[in-house]
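A quick write-up on the structure given underneath.
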Amino acid sequence: DAKTTQPPSMDCAEGRAANLPCNHSTISGNEYVYWYRQIHSQGPQYIIHGLKNNETNEMASLIITEDRKSSTLILPHATLRDTAVYYCIVRGSQGNLIFGKGTKLSVKP
Amino acid sequence: DTAVSQTPKYLVTQMGNDKSIKCEQNLGHDTMYWYKQDSKKFLKIMFSYNNKELIINETVPNRFSPKSPDKAHLNLHINSLELGDSAVYFCASSPRAHSYNEQFFGPGTRLTVL
């Protein structure tokens with residue numbers, strides 16, 4: 001019952017920007033969007049989150065559309081180590097994170 | 001200096017057995033979680049404890065029983081293991097309940113039921 005939709009896979013050339021889209025058309029006005037990633041055989045790792053405004057940290061940038069129905073995670077200079085499954089997440093009814101299938105990003109040399 | 005640790009990393013057992021997975025966090029967090037990631041890679045929350053009290057209990061068979069002896073530990077005991085229990089189980093912790101941007105995950109325990 002994930003409330004987000006992401007493409008199943010994407011490729012990106014090393015050193016280029018990776019732009020990962022996410023649709024969350026049913027998001028409510030006070031819900032944040034969270035991004036996590038899972039590198040193969042590891043636990044998920046928090047990347048960034050946002051509500052309305054665009055956000056940037058040392059790992060990535062998050063662009064949220066004005067209607068808040070979609071967002072894009074940007075890795076400005078992708079490296080091979082960024083190969084992972086990226087999850088765009090909103091909260092579930094009990095307040096927990098609901099992970100969908102995510103986008104498998106492959107960064108290629 | 002591992003933040004969230006789990007033991008064992010791999011667990012292979014027969015159907016019908018009872019097994020436990022242990023989780024410890026040294027971050028001083030108040031809240032701990034158990035997630036299950038199945039063969040299709042869906043990651044679903046099972047339980048959440050805040051200061052040793054259960055706050056989230058998704059629809060999980062009662063063969064699964066979490067136990068929190070103190071707020072740094074959240075163990076998962078599974079009775080009468082079934083083939084469908086085969087999955088990777090992740091423990092996580094966060095400073096407080098509903099800290100969605102601050103969940104730290106352990107390395108996972110791969111459970112295989114034969």
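Measuring against 21 Å, Cα to Cα, the residue pairs B:Lys9/B:Lys44; A:Lys108/B:Lys9; A:Lys104/B:Lys41; A:Lys108/B:Lys41; A:Lys101/B:Lys52; B:Lys40/B:Lys67 contain A:Lys108/B:Lys9; A:Lys108/B:Lys41; A:Lys101/B:Lys52; B:Lys40/B:Lys67 as the ones spanning a longer distance. Diagonalising the gyration tensor over the Cα atoms of region A:9-72 and scaling each eigenvalue by 5 before taking the square root yields semi-axes of 22, 14, 12 Å, largest first. Orientation-averaged projection of chain A equals 6.5 nm² [convex hull of Cα atoms, one quarter of hull surface area].
Computed over the alpha-carbon atoms, the protein assembly as shown gives an Rg to Rh ratio of 0.98, Rh here being the Kirkwood radius from the mean inverse distance.
Among the cysteines of the protein assembly as shown, those whose beta-carbon sits 4.7 Å or more from every other cysteine beta-carbon are A:Cys12.
Residue-wise HN-Hα couplings along region B:57-74, as the Karplus relation 6.51 cos²θ - 1.76 cosθ + 1.60 with θ = phi - 60° gives them from phi, are 9, 5, 5, 10, x, 6, 5, 9, 10, x, 9, 10, x, 7, 6, 8, 10, 9 Hz; Gly and Pro carry x. Rounded to the nearest 0.05, the FRET efficiency derived from the C-beta distance between B:Ser99 and B:Met15 at R0 = 35 Å is 0.40. Under the simplified labelling scheme, the A:Gln42-B:Phe42 pair shows an inter-label distance of 2.6 nm, with each label point 7 Å from Cα along Cα→Cβ. With R₀ set to 45 Å, the beta-carbon distance separating B:Asn57 from A:Ser106 gives a calculated FRET efficiency near 0.75.
Shielding value for B:98-110 is 5, the average number of Cβ atoms from other chains within 10 Å of each residue's Cβ. When the alpha carbon gyration tensor of chain B is reduced to an equivalent ellipsoid, its three semi-axes come out at 22, 14, 13 angstrom, largest first. For chain A, the antiparallel share of DSSP beta bridges with both residues in that region comes to about 85%. Taking a quarter of the surface of the Cα convex hull of region B:1-44 gives a mean projected area of 4.4 nm². Structure remark: mean-square fluctuation, Gaussian network model of chain A, C-alpha springs under 10 Å; the largest value among A:Ser61, A:Ser71, A:Ser28 belongs to A:Ser28.
Throughout, read-outs are computed from the coordinates displayed, never taken from laboratory work. None of the values given here were measured: they were computed from a predicted structure. Virtual Cβ from ideal backbone geometry, glycine too; neighbours counted across all protein chains shown.
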